[in-house]
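Visitor: I have a structure I would like to understand better, so I am pasting it below and will then ask my questions one at a time.
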Amino acid sequence: MVDPEIVLLNSALHDWKKNAMFNVSDRVFVEITSSKHVTVTVKDVAVLRVLRHIVKPSHPYKVSYLGFYLEDGSDLSEHIHGLIGKDHSCK
C-alpha cells in the first residue's frame, strides 16, 4: 500500500523520507526515492512510478495525492493508458 504519508510493504511501514530498495520476489523490485516517488518494477513486464504530491495548507484543495504513471509497459495491452488517483478526503 502506498499513500501520501507512508509506504506499507510486506506488513512493514516505510517512511517516505528515506531511500530504500526491496526485492519483493524474483520478478518484483520496489524502490523508494526520498520524499519523491516509489518505483515498482515487474521484470520483463512493466515499470510503474508512484509520485508523491504533498500540497501546502494554503493550497485551494488542501489534499495531498499520488500520481500513478506507467513508465514502461511494453508487454502490457496497447489499451492500457491513463492516470489513476484517489482523493483521501473521501471516506
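Visitor: Working only within the range 10-50, note down all residues that are in contact with a Phe, Trp or Tyr (Cβ under 6 Å, 6 or more places away or on another chain) and among the aliphatic types (A, V, I, L, M).
Guide: V30, V50
Visitor: Continuing with the same structure: Condition first: over 19 Å from Y69 (Cβ atoms) and surrounded by 13 or more Cβ atoms within 10 Å (Cβ to Cβ). Now tell me which residues in the range 10-43 satisfy that.
Guide: H14, A20, F22, V24
Visitor: So if I check each of V38, V2, V50, which one is free of Cβ contacts under 8 Å to residues at least 40 places away in the same chain and β-branched (V, I, T)?
Guide: Selected residue: V38, the only one of V38, V2, V50 that is free of Cβ contacts under 8 Å to residues at least 40 places away in the same chain and β-branched (V, I, T).
Visitor: Of everything in the range 15-66 that's among the small types (G, A, S) and over 16 Å from M1 (Cβ atoms), which residue is farthest from the chain's Cα centre (by Cα)?
Guide: S58
Bear in mind these aren't lab numbers, they're just calculated from the coordinates by the rules spelled out. Fair warning: this is a prediction, and the values are worked out from it, not measured in the lab. No Cβ is skipped: glycine too gets one built from the backbone with ideal geometry, and neighbour counts run over all protein chains shown.
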